[in-house]
1. Separation between the HIS385 and ASP341 pseudo-spin-labels, each 7 Å from Cα along Cα→Cβ, expressed in nm?
2. Just subtract the alpha-carbon distance of CYS177 and LYS52 from 0.36 nm times their residue separation and send over the number in nm, one decimal.
3. By how many degrees, between 0 and 90 and to the nearest 10, does the Cα long axis of helix 164-173 differ from the longest principal axis of the chain?
4. Sequence neighbours fewer than 8 away in the same chain don't count; with that in mind, list the aspartates and glutamates whose C-alpha is under 18 Å from LYS31.
5. So which residue, out of GLY250, GLY380, GLY55, gets the largest mean-square fluctuation from a GNM of the chain using Cα contacts under 10 Å as springs?
6. Counting only C-alpha contacts under 8 Å and six or more residues apart, can you give the relative contact order of the chain as a whole percent?
7. Report Rg/Rh for the stretch 196-373, rounded to two decimals, where Rg is the Cα radius of gyration and Rh the Kirkwood radius.
8. Run down the aspartates and glutamates and flag those whose C-alpha is under 12 Å from the C-alpha of LYS331, throwing out any fewer than 8 positions away in its chain.
Amino acid sequence: MKILFIAGGYPTPDKTFRGIFNARAVKALSKEAEVIVCHYRYWRPGRKFVEKSVGSEGNTIYVLALPWIPVSNAFINAWQHMVWAYLSGILLKRQLKSWNPDVVHSVNLEMALIGKRVSKKLKSAHFSQVTGSDIIHFIPAIEKYWPLKMHWRTGINAIICNSRNLESIVKKRYPECAVFTCYRGVDCEVFNSENRKTERTARKQFLFLGGFSNRKGSGLGTDLKGGEFLKELWSALDQLPDFDADIKIGGPESRSGATTEWRDTLQKPENVDLIGDMDPATIPSVMKKSDILLLPSRSEGLPNVVVEAMASGMYVIASDVGGVSEIITSKNTGTVLPSTDRNAWIEAMKEGASGKLDLDLIGSEARKFIEINFNSSTYGNRLIHIYTTNIK
């Protein structure tokens, strides 16, 4: 089978963490099929419209640099997506020449418009992978400006979700479309719980990797991943004489001036380590040295960081949003809380730091659950099964 994988983001030499989950999907698919990748960047003077390279898995990669006006106006953005779709159809048909994919796989519904156009040009089947943020926050604002005949709904074989919660949302919004869940999972060899006891310190170590990026259109500003809420929680815990723990805070803008200024207001600022954006290759090691992952997100699809943490034998405290309850199914594998219940979060964090919970036992149960249900070794095969059973 031949697959053209279209994504907005993908790792580059200068940004190795960009679109890392897309790279992992390509790695999984490449074990089962021939895959060519196409991803995007904004055009600027001196930048080529199309650049070709070879990825780490030996895949051909095309980078398309297309014009984009950075505005928040939904009408303008809707039409810019249509322009990108039109240009992509021309450029990719020219580049691929006689290479005709069986499947065009687009990642998120913003790319689905491109996937529809390209699959029509190449006479291929089209499948689109949905994320939580696009269906909940971004697509509803712009798709009303797309003419129906140009909408991706008129040119798609099926939509693929990474959680059953997301599948139910998509089915409700687009009842005419075939929709399936396919968990991306985690590499259980890379994320493992071996030697955890020798890696950790006596003091409990919390970990938050959501950062403080401002996703325009979400309506949640820098608190989409719960970073602002977490600062409020830690400030309250910092005032308690019997709370003694450390936290590593990573992700976008985690070393910004605002975050640094907040840390300086604490009584024990030395307990907070602002680690910034992380190279994905270092995350397994950081998780192995940490005890408790915090996911106070306000919105999620199915958060991969939770799956990775549980595979690493960590205890997870997470918001009851998106597909979180599909991963943490009982108190034996973690704790799920209302996303904005301040008192519940403070109590859960105090309990986690107190030593009263058997975190090793919980982590062991979490690891077993992930090995059975979220092992990425079968992801490529499961995707191809969806393709083959839905190609008309």
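1. Roughly 3.6 nm, to one decimal.
2. Full-extension gain reported as 41.6 nm.
3. Tilt of helix 164-173: around 50 degrees.
4. Result set, ordered by chain and number: GLU57, ASP102, ASP187, GLU189.
5. GLY55
6. Across the chain, relative contact order equals 15 percent.
7. Working: Rg = 15.0 Å, Rh = 16.2 Å.
Computed over Cα atoms, the ratio is 0.93.
8. Cα-Cα hits under 12 Å: ASP358, GLU365.
Only the coordinates and a few stated rules stand behind these numbers; no lab work does. In this text, all values refer to a predicted model and were calculated from it rather than measured experimentally. Please note: Cβ atoms are built from the backbone with ideal geometry, for glycine as well, and neighbour counts cover all protein chains shown.
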